[in-house]
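Shown next, in structure tokens, is the structure this report addresses.
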Amino acid sequence: MRITRDDLISIIFLLPLYIFIIVMVFIPIVNVILGSFGISLFGEKSEFTLKGYNEFLASESPYMYSLFFTIYISLIATVISIVAGYLFAIYLTVKKPPIWSKVSTVMTIPLFTPYIVGAFMWWTLLWPRGYISLFVNGILMRLGLAHEPLPLVNDPYGIGILFGEVWIRFVIAVSIFYGPLQLINPELIDAARSLGAGTWTIIRKIFIPLTKYALIATSAIVLLATMAGVSIPLVLGGSWPQFLNVMIYLDVTTRFNYIMAYTSGVFYIIASAALGYIFFRFTTKKVILQTR
């Protein structure tokens, strides 16, 4: 195959990008995968082993339990964020409230607030003497639904993590959904209402079919971001069970168990690849065909 002058110019211009991708993406991924087998790329003592995988996949493994806990809490946070964000974006699209200009300014706060700051903010609100904790537990105890205050932070059920994650992911979901919803012809909504369609019928028959690819893509983005974040589960999570990324953090900084950190990282890479496949399989091709 002959390389033309135009091909050579394209390669030269794109060479910095290729080098960046290799150095910042492929080399770290390969290093994590090989490190999980005890093999090092950088001249350290290497010895092939399956110890990390045997310990991770053991029946009583805390890592496997952490993986399930991470997926479980992340799925709940994603569902809440997506449903609430989608409905709120529809409300903003249909009603166009005049107060939206002020609300939009406030809603940008989670986007520009460091996750660790947001986590500590929620910790002060959810700890046993926090305002939200006192309010929620007061109502539950007055209604007889709880006999003692429920822990809303650093709890084994991940309630505090859900508060922190939804606070951030909800705003991201609204920001992403708002654009595609603006592209829907409002005459379709008016026509549906003139034929007697209710609000939920319009959502099911008009909004969801026309924005289903945005729903899939946003769900994948929010789920992956929730699973990958470490600040919120580290601050708001309990001593056990913990998010898998917190286990990785502790393995590296406290226990110095690098092989388990590498092995846990491999499972995160698998999850990222699966979500990436969902994104490109069900959204990209359809969007291209729709544009054509």
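What to note about this one:
- Some residue of segment 3-11 being modelled with pLDDT under 90, more than 30 Å from residue 165 (Cα to Cα) and either of a type in the set (Phe, Trp, Tyr) or not in a helix (DSSP H, G or I) (or both): yes
- Residue in segment 90-102 that is surrounded by 16 or more Cβ atoms within 10 Å (Cβ to Cβ), at pLDDT 90 or above and of a type in the set (Ser, Thr, Tyr) present: no
- For segment 128-147, the count of residues that are under 19 Å from residue 82 (Cβ atoms), crowded, with 16+ Cβ neighbours inside 10 Å and in contact with a helix residue (DSSP H, G or I) (Cβ under 9 Å, 6 or more places away or on another chain) is zero.
- Residues being of a type in the set (Gly, Ala, Ser), within 30 Å of the chain's Cα centre (by Cα) and part of a loop (DSSP other than H, G, I, E, B) are entirely absent from segment 159-181.
Each row is one residue, and each column tells you yes or no for (1) touching a strand residue (DSSP E or B) at 6+ places or on another chain (Cβ under 6 Å); (2) within 30 Å of residue 263 (Cβ to Cβ); (3) outside any helix (DSSP H, G or I).
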{"position": "59", "(1), (2), (3)": "no, yes, yes"}
{"position": "75", "(1), (2), (3)": "no, yes, no"}
{"position": "82", "(1), (2), (3)": "no, no, no"}
{"position": "87", "(1), (2), (3)": "no, no, no"}
{"position": "136", "(1), (2), (3)": "no, no, no"}
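The values are calculated or read from the model by the stated rules, or taken from the named source; none is laboratory data. If you're wondering where the values come from, they're calculated on a predicted model, not measured in any experiment. As a convention, Cβ positions derive from the backbone with ideal geometry for all residues, glycine included, and neighbour counts pool all protein chains shown.
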